[in-house]
Amino acid sequence: MNVTIIVPSLDPDEKLLKVVEGLLKEGFRDIILVNDGSGPDHTAPFEEAAKLPEVTVLTHEVNRGKGRAMKTAFSWCIKHRPDIDGVVTVDGDNQHLPRDVRRCAEAMLADPEKIWLGVRDFSLEHVPLRSRFGNNLTRGIMRLACGVDVTDTQTGLRAIPAKDLSLMCSIDGERYEYETEMLLSVRKAGVGIGEVVIETVYINENETSHFHPLKDSWKIYKIIFRHMLRAKR
């Protein structure tokens, strides 16, 4: 597959190298890691990964947010990977299985008129309560207020056709709110959204996540309410 994998990462541990290893075993041969301003104690995984010929490391000198990290990689691909079929964004905490990454890539190649989301099953017992509650609340608000019905609003596993990368770069949002803005913006642009059900993995109840429940959730809901108000005008 002529697909580039994008992994934004902040202050990673050894799990980032496991992500890279798993992607290589699955057959992916073009992996971009974005070091989003990680501290000096967390640069070793990037340095090790950069030794691999299949890996490119892009670096933000200071933390700019997951959304900006993704847009940095999208812009880089437009310039340096003009012939790819698309990209797949993957979280660096090893909670996306390589086979599910492949399934999302295959869905995109089969139907490049959509962006494809790898969606989790939040009804499972091992899903942390805050994750289940937060996703169900956001999903309900987005469906009722904006007409966007997706199973997993904050999934980081997303397959995006190359033709839509310029659109992705133009979407507002610098941090976690960018992922919500993406869903609302692609619908407005007439781009479809498809779903691939993936295995639901939480390692130590997602304790290494940099998502701040109050601060980041407020940014997400501000975006939803802004879109809702615009639709009523």
Verdict on L109 being at pLDDT 95 or above and in contact with a helix residue (DSSP H, G or I) (Cβ under 8 Å, 6 or more places away or on another chain): no
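Residue by residue, here is whether (1) farther than 17 Å from R29 by Cα; (2) basic (K, R); (3) in contact (Cβ under 8 Å) with a residue 24 or more places away in the chain; (4) not in a helix (DSSP H, G or I) holds:
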{"site": "W76", "(1), (2), (3), (4)": "no, no, yes, no"}
{"site": "D83", "(1), (2), (3), (4)": "no, no, yes, yes"}
{"site": "Q95", "(1), (2), (3), (4)": "yes, no, yes, yes"}
{"site": "R102", "(1), (2), (3), (4)": "no, yes, yes, no"}
{"site": "A105", "(1), (2), (3), (4)": "no, no, yes, no"}
{"site": "I115", "(1), (2), (3), (4)": "yes, no, yes, yes"}
The condition from (1) modelled with pLDDT of 95 or more; (2) surrounded by 23 or more Cβ atoms within 10 Å (Cβ to Cβ) that R99 misses is numbered (2)
Of the numbered conditions (1) under 15 Å from the mean Cα position of the chain (by Cα); (2) surrounded by 23 or more Cβ atoms within 10 Å (Cβ to Cβ), P45 fails exactly one; give the number of that condition. (1)
Under 6 Å by Cβ, and 6 or more places apart or on different chains, what pairs join a residue from region 22-49 that is touching a residue at least 60 places away in the same chain (Cβ under 8 Å) with one that is among the β-branched types (V, I, T)? L23/I5; L23/I31; F28/I5
Contact list please: Cβ distance under 8 Å, first residue in region 53-73 and at negative phi and assigned to a strand (DSSP E or B), second residue modelled with pLDDT of 95 or more and among the polar types (S, T, N, Q), pairs at least six apart or on different chains. V57/N35; L58/N35; L58/T72; T59/N35; H60/N35; H60/T72
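The values are calculated or read from the model by the stated rules, or taken from the named source; none is laboratory data. All of these numbers come straight from a predicted model, not from anything done at the bench. When we count neighbours, we look across all protein chains shown, and the Cβ atoms used for this are built from the backbone with ideal geometry, even at glycine.
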